[in-house]
Each structure stands twice: as structure tokens, then as C-alpha cells.
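Here the structure comes first, spelled out in C-alpha cells, and everything after it is commentary.
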Amino acid sequence: MQPYSMDSAYSAPLRPNNAPLFLANPKNRAFVEGTKTRIGNSAIILLLALIAFGVAGFIAWQFGRPVLYYDQLITGGKVADARIVDGYTSTSSRSRTVSYYVTYRFIVEGESYERQQQITSSHYNDLGIGSRVQVAYLADDPSISTLTGEYASTVQRDNDLGLTVFIGGAALIIGIILVVADAKNRRLSHQGQFLDGVLVSATGKPGSKGAYNVTLTYQFVNPMGVRMEKKVTVDRRDLRNHLPQPGTPVKIRYVNDRSLRLM
């Protein structure tokens, strides 16, 4: 067999050779052969999307809600006296950054409330167990509170905002991507048709974490008789030493010129 370098590229006219059908994604074989009715696994994709949306919702409730209430607490919250009942520091194992926390307790209408809050190092050094501080709380929900007055601090709010935006936002985006991917799979599965095509070129290049990125250029004729050429890159570690040759037959699942996929 002719050796192929990882930078190899091949060109060929639109004429299939006698090679077996090549699949860019071997998991599509059952669908191509008709033993499966759709592309991908909708149940798993939607379950993962549901988990991602759940994480986004939890982050929004746990960390985003206090951010929304912060300005309301500072400008219109009720003020109560509180005492520091605990405090500790935490050092990040990566950045070696030190974070400072205190827990305060206050009483509203005979009921005791406690909350832990991150503060600045200077405030932490000024406070000790039993120190008196002031807190602002929501009249209809005293469990939502923050330090105010001399020891008011936005450190906790800023951290909560960062968690909400970056982690919650990332989880939301992942969920949306999964739902969109499932919708595309459904459309290709139920509205698409198979078209024959051929591989024009295949180039391979090592990627990160052991990946082997194979860029496939392929041609086919659409139902209107127009010859089209497309390109896609897939991670195919099994092709590291034997890239498919030009002219190898391929299958395309086609809905229209903008909604199609190399199987």
C-alpha cells in the first residue's frame, strides 16, 4: 500500500472507484444501511441538554438571584445589627489567591438568620468573632442579606456575578447547542435524502489531546443537477496511517444546499 504522510492531499475527478463506502462518522453506518431510523441518539442528547439547562437554572437561582437583589438591598433594604460568629480564609491551589469569609448572625422578629459572605482582606483583618456589624435585608425575605455600612463589600456580589455569567452562561450555551444539534439530526433524518458522492481529497493533521483531524473534501451532484464541493473536518484517530484515497465513494444526507451532512 502506498504510504501517506499526514500532510498528504489527493485530487480526483467526480468518478467513484471500487473502494468500499467511506463514512466520515462510522456511527452513521446503521442509519446509512437502514437499520436505524435517525441520525444520533435523541434521548441521550436531550438528556444532556436537560442536565445543562438544570445546571444553568441552579447557578442562576443560587448565585444570580443574590446579584439581582444586591442593589435593592443597598438602596431599599432594612438595616439590622448583626454579630460575626465565624470567619476563615481559603487559598486557591492554582493561583494561590487567598479569599476571606465571615459568617454573621442577626435577628428579625425573633427569628435568627445566618449568612456567609466573602469580604476584602482589610475588612477581614478588622473583624473578629463577636464583632458588631450592620446588614441590609429584604423585608419579605430576611434570608437575603448583605453587609452594609462600614463593612459593605461587593466581593461576594462580583464573584456571584462571575459564576452566573461564565458557568451558568456556559451551561446554557451547551444546552442550546445540544438542542440545535438534535433538531438538525431530526431534520436530516426525516426530511433528507441520500445522495452519492466521491471523496476529492483527504488531509490529516495531529490535533490536541491525541486527536487526528482529517479534512475531507467531497463532491456530489444535488437534485437540481448542480455539482457541489464541500469540506468537513473530523477527528479520526483510526485514519492516522491510512487516509482514504480520492475517488472513494461517500454518502451525503441532503435536505437542501445549506442543510446537508457527509455521512
Exercise. Just check the stretch 115-263 against the gyration tensor rule for me: Cα atoms, a ≥ b ≥ c as the square roots of the eigenvalues, rounded for a/c under 1.5, and otherwise prolate or oblate depending on whether a/b exceeds b/c.
Key: prolate
Self-check item: Proxy reagent accessibility, fewest Cβ within 10 Å first, across 140, 160
Solution: 140, 160
Quiz item: Straight-line reach from residue 36: which aspartates and glutamates have a Cα under 18 Å away, not including same-chain ones fewer than 8 places off?
Solution: 182
Practice problem: Of the options 208, 218, 244, report the single residue whose Cα projects farthest towards the positive end of the charge dipole of the stretch 192-262 (beta-carbon charges: Lys, Arg +1; Asp, Glu -1). | Solution: 208
Quiz item: Going by a ≥ b ≥ c, the root eigenvalues of the Cα gyration tensor, does the stretch 51-168 fall in the rounded group (a/c under 1.5), the prolate group (a/b larger than b/c) or the oblate group?
Solution: oblate
Exercise. Arrange 250, 165 by Cβ neighbour counts within 10 Å, fewest through most, would you?
Key: 165, 250
Quiz item: Summing +1 for each Lys or Arg and -1 for each Asp or Glu, what net charge is found among the other residues whose Cβ lies under 13 Å from the Cβ of residue 208?
Solution: +2
Quiz item: According to a simple spin-label model (label point 7 Å from Cα along Cα-to-Cβ), what is the distance in nm between residue 242 and residue 85?
Solution: 6.9
Practice problem: Determine which lysines satisfy two conditions relative to residue 205: a Cα distance under 25 Å, and not lying fewer than 8 residues away in the same chain. | Solution: 27, 230, 231, 251
Practice problem: Rounded, prolate or oblate: pick one for the chain, where a ≥ b ≥ c are the square roots of the eigenvalues of its C-alpha gyration tensor, a/c under 1.5 means rounded, and failing that, prolate if a/b is larger than b/c, else oblate. | Solution: prolate
Practice problem: Taking trypsin sites (Lys or Arg not before Pro) as candidate sites, keep only those in a DSSP loop with at most 11 other Cβ atoms within 10 Å, then name the longest stretch of the chain containing none of them. | Solution: 97-257
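Write down the Kirkwood hydrodynamic radius of the stretch 192-262, to one decimal in angstroms, obtained as one divided by the mean of 1/r over all alpha carbon pairs.
For the stretch 192-262, inverting the mean 1/r across all distinct Cα pairs yields 12.8 Å.
Coordinate-derived values only; no laboratory data. It should be emphasised that the depicted structure is a prediction, and the values quoted were computed from it without experimental measurement. Counting neighbours? That spans all protein chains shown, and the Cβs are built from the backbone with ideal geometry, glycine included.
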